[in-house]
Amino acid sequence: MENRHVVIIPIEVDEEKESSYLDAWQDAAEVMATQPGFIRTYMFRTIVPGSTFPLVNVAEWESTAHWEEAMNVCPMMGQQMAVAHASNYEAVRTVLPATPRSPNSGDGHPPTDLSPAETHRRVVDGKITLVDVREDDEWAARHPAGAVHAALGTLPASLSDLPDGPLAFVCRTGTRSVQGGAQAIRAGRSSVYTVTGGLEAWEAAGLPVVLPGHEGAENDG
């Protein structure tokens, strides 16, 4: 643990160019995810108005040597690197290590992580469908506002009933949602995400939930 190498990169980018920058970062991060020693990387967006650096990228490597070697193949070597404090940011992109393909793994890639805050923003904007894959009793007890329900055990049959477009799967802590997302990918769905940390992280972030007997009311935690 002591030998891990953490790189924190503040990024100065105009708002109208953020989307294209994030797409370029996604491509570069997926290249990094194939390199030896890669642990994970996150992209954060500041919640502080008027920040000079609206985005901050944090990358973790097993050692400095692994990171230096990976920089030889990095598609974004021109990016200025510096150390900054990453508090007061919310995660908006995550790339985990690439996993080997297996004969029964569909197209071979796992669902993409999405933070609770970013998921909620996209749900409110109508850009994503949030799918709660927990059991019926768990759903009835409480569930994220704006979600639809499709229990994991019934998901293969339920996928055709879900709206077209991006899907974000959520469970209690994040384990079952990965399974649900993998099923969706194997079924041919694209733009599939899982909510990092599940409902527990959703509520910890103060995001709205629907409580039993109060289907029209929301609790912001």
Original post:
So P156 clears everything in (1) surrounded by fewer than 18 Cβ atoms within 10 Å (Cβ to Cβ); (2) without any contact (Cβ under 8 Å) to a residue 24 or more places away in the chain except one condition, right? Which one?
Top reply: (2)
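What tally of residues in region 1-27 results from selecting those that are in contact with a helix residue (DSSP H, G or I) (Cβ under 7 Å, 6 or more places away or on another chain) and part of a strand (DSSP E or B)? Don't jump to the end; show me each part of the working.
Initial filter on region 1-27 (in contact with a helix residue (DSSP H, G or I) (Cβ under 7 Å, 6 or more places away or on another chain)): 5, 7, 13.
Still in the list and also part of a strand (DSSP E or B): 5, 7.
Final tally of qualifying residues: 2.
Mind telling me which of the residues P116, P144 ends up being more than 22 Å from M43 (Cα to Cα) and out of contact with any Ser or Thr (no Cβ under 6 Å at 6 or more places or on another chain)?
Details: P116 fails: more than 22 Å from M43 (Cα to Cα).
Exactly one of P116, P144 is more than 22 Å from M43 (Cα to Cα) and out of contact with any Ser or Thr (no Cβ under 6 Å at 6 or more places or on another chain), namely P144.
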**OP:** Within region 28-56, work out how many residues are open to solvent by 40 Å² or more (accessible area, probe 1.4 Å), over 19 Å from S115 (Cα atoms) and either part of a helix (DSSP H, G or I) or not polar (S, T, N, Q) (or both).
**Re:** 5
Original post:
Do we find a residue being crowded, with 18+ Cβ neighbours inside 10 Å, at pLDDT below 90, not in a loop (DSSP other than H, G, I, E, B) and not charged (D, E, K, R) anywhere in region 170-182?
Top reply: yes
**OP:** Please go through region 184-210 and pick out each residue that is outside any loop (DSSP other than H, G, I, E, B), open to solvent by 50 Å² or more (accessible area, probe 1.4 Å) and either modelled with pLDDT of 90 or more or in contact with a His (Cβ under 6 Å, 6 or more places away or on another chain) (or both).
**Re:** E200, E203, A204
Original post:
Pairs under 6 Å by beta carbon, first residue under 20 Å from G146 (Cβ atoms) in region 163-185, partner among the aromatic types (F, W, Y) and buried (at least 20 other Cβ atoms within 10 Å of the Cβ), six or more apart or different chains?
Top reply: A168/Y193; S177/F169; G180/F169; G181/F169
Original post:
Of these, G50, G37, which one is at positive phi and either of a type in the set (A, V, I, L, M, F, W, C) or out of contact with any strand residue (DSSP E or B) (no Cβ under 7 Å at 6 or more places or on another chain) (or both)?
Top reply: G50
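The values are calculated or read from the model by the stated rules, or taken from the named source; none is laboratory data. From a predicted model like this one, the values you see are computed outputs, not experimental measurements. Reconstructed Cβ throughout: ideal geometry from the backbone, glycine too, with neighbour counts over all protein chains shown. Areas reflect the complete protein model, heavy atoms only, side chains present, ligands, DNA and RNA absent. Shrake-Rupley method; radii C 1.70, N 1.55, O 1.52, S 1.80 Å.
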